[in-house]
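In what follows, a structure is listed as structure tokens, so that the remarks can point back to it.
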Amino acid sequence: MSEQSRRPRRPAKPYRRPQKDPVRILAFEALRAVDERDAYANLVLPPLLRKAREKEGPEKFDARDAALATELVYGTLRRQGTYDAVIAACVDRPLREVDPPVLDVLSLGVHQLLGTRIPTHAAVSASVELARVVLGDGRAKFVNAVLRKVAQDDLAGWTEKVAPSYDEDPEDHLAVVHSHPRWVVSALWDSLGGGRAGIEELLAADNERPEVTLVARPGRATARELLREDAAVPGRWSPYAVRLAEGGEPGAVDAVREGRAGVQDEGSQLVALALANAPLDGPDEKWLDGCAGPGGKAALLAALAAERGAALLAAEKQPHRAGLVAKALHGNPGPYQVVTADGTRPPWRPGTFDRVLMDVPCTGLGALRRRPEARWRRRPEDLDNFAPLQRGLLRTALDSVRVGGVVGYATCSPHLAETRAVVADVLKERPETELIDARPLLPGMPALGDGPDVQLWPHLHGTDAMYLALIRRTG
């Protein structure tokens, strides 16, 4: 018998069941929904968190669990471009050949390593355990190997390695460092008007977690009432705005549960306020929100109209979104009506309204803080798809307003093709119109440009990048 055969065999390691981590499993499920179903995290995550809070036992979430899950999901989505570049440098195959569920686990792990204060060993071990649960032991070994490579440097070190130099290719450098598609970087840069400092500040602001902002609907709630909530502070610009500190839960606010207040970005509030306060000639009795879904601006407009004895008609093409509008307006103190209607083929007669808001469908590039996955879904060709609709809706708005009345054209995108280009093209056809300077209707706000239209910015105003042009019909 050989010497080797006489050696005792080492006992096999006993199989250890993977440790289930409810927080990271939930984050993984949310990312899979975003990837597989083209869902939005702000719609997927709340019901998942609500279900986790309702569970009993060790899987029941507390506030810290919910905060961590939220950070993992949104942080991973915001930094996806940067993390993809880092992962690509640590694997031996193109990223397109890595199964999407594996890539989601890797991205969650990279975010914990490079974007949070979670200790390195905890970030790696927790990610490997997640991989064992959702992918199996074989793929968990792959995850472990990749994350150990990632852990050898920090975010600044990795971006220096994987991003081209600014001097060599400024747009691609900014795209990798700030995790935006190159074409979005280029478009935002054009809208800002050049300069490195401004575009870097804007891209960085897109990757910050936005504050939760509430709106007190006039006649039903006041900002003073909302300020009684824990950690609530006044809004910066809108008299109806109140900001909740990090971790603030809108659903815990009585006025929000009762529909007397809502969640609404301050930029959105300001668009409605500017239209409501724009000077016009003649009566002020009939208002229209021509693209009203999901209802935030419509609810504020209806409340402001009610204070003046005016009525709002809220029109929305999609029936389910029209239902959301009806819910938002329920309980409004003054007269209003919600209709399901196509704004390009309106059922109302021309010249019916005194004030018209047309917040048109767009790429949503102004709300990337709130919907970070949108930056990866949008393509340049989407602009061509939206262009005819945006121009058609503005034409309808100008037809719908009476002579002397005012139209507000708004988008949640700063892309010039969706803002000034649309307004310029349509007004060329309409000599009976004039632009109103919108800047005085946003009092106290700095950096509003040369006018007469207004472009808001996250890095300058702390709002979504809302655009507004106010147009008076003169004949």
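The values are calculated or read from the model by the stated rules, or taken from the named source; none is laboratory data. Bear in mind the structure is a predicted one, so any value in this text is a computation, not a measurement. Methodologically, a virtual Cβ is constructed for each residue, glycine included, from the backbone with ideal geometry; neighbour enumeration extends over all protein chains shown. Keep in mind that these areas ignore ligands, DNA and RNA; they rest on the heavy atoms of the full protein, side chains included. Shrake-Rupley method; radii C 1.70, N 1.55, O 1.52, S 1.80 Å.
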- Any idea which residue in the range 34-75 is most open to solvent (accessible area, probe 1.4 Å), counting only those that are of a type outside the set (Lys, Arg) and over 23 Å from the mean Cα position of the chain (by Cα)? GLU56
- Pairing a residue in the range 430-455 that is closer than 18 Å to CYS412 by Cβ and free of Cβ contacts under 8 Å to residues at least 60 places away in the same chain with any residue that is of a type in the set (Ser, Thr, Tyr) and surrounded by 13 or more Cβ atoms within 10 Å (Cβ to Cβ), where Cβ atoms lie under 9 Å and the two sit 6 or more apart in sequence or on different chains, gives ASP453/TYR409; ASP453/THR419; ASP453/TYR467
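Mind listing whichever residues of the range 331-369 are crowded, with 19+ Cβ neighbours inside 10 Å and either more than 26 Å from ALA397 (Cα to Cα) or charged (D, E, K, R) (or both)? Don't jump to the end; show me each part of the working.
Applying the first criterion (crowded, with 19+ Cβ neighbours inside 10 Å) to the range 331-369 yields 332, 336, 338, 343, 346, 353-360, 362-369.
Within the range 331-369, ASP354, ARG355, ASP359, LEU368, ARG369 qualify.
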- Task: Hey, can you tell me all the residues within the range 193-222 that are open to solvent by less than 50 Å² (accessible area, probe 1.4 Å) and touching a strand residue (DSSP E or B) at 6+ places or on another chain (Cβ under 9 Å)?
- Result: VAL212, THR213, LEU214, VAL215, ALA216, ARG217, ARG220, ALA221
- Report yes if GLY157 is among the small types (Gly, Ala, Ser), at pLDDT 95 or above, within 19 Å of VAL177 (Cα to Cα) and touching a Gly at 6+ places or on another chain (Cβ under 6 Å), otherwise no. no
- Residues located in the range 76-98, provided they are open to solvent by 20 Å² or more (accessible area, probe 1.4 Å), without any contact (Cβ under 8 Å) to a residue 12 or more places away in the chain and not in a helix (DSSP H, G or I): ASP92, ARG93, PRO94
- Between a first residue in the range 299-321 that is open to solvent by 10 Å² or more (accessible area, probe 1.4 Å) and a second residue that is basic (Lys, Arg), which pairs have beta carbons less than 7 Å apart while being 6 or more apart in sequence or on different chains? ALA311/LYS286
- Message: If GLU225 meets every condition in (1) charged (D, E, K, R); (2) over 23 Å from the mean Cα position of the chain (by Cα); (3) not in a helix (DSSP H, G or I) apart from one, which number is that one?
- Response: (3)
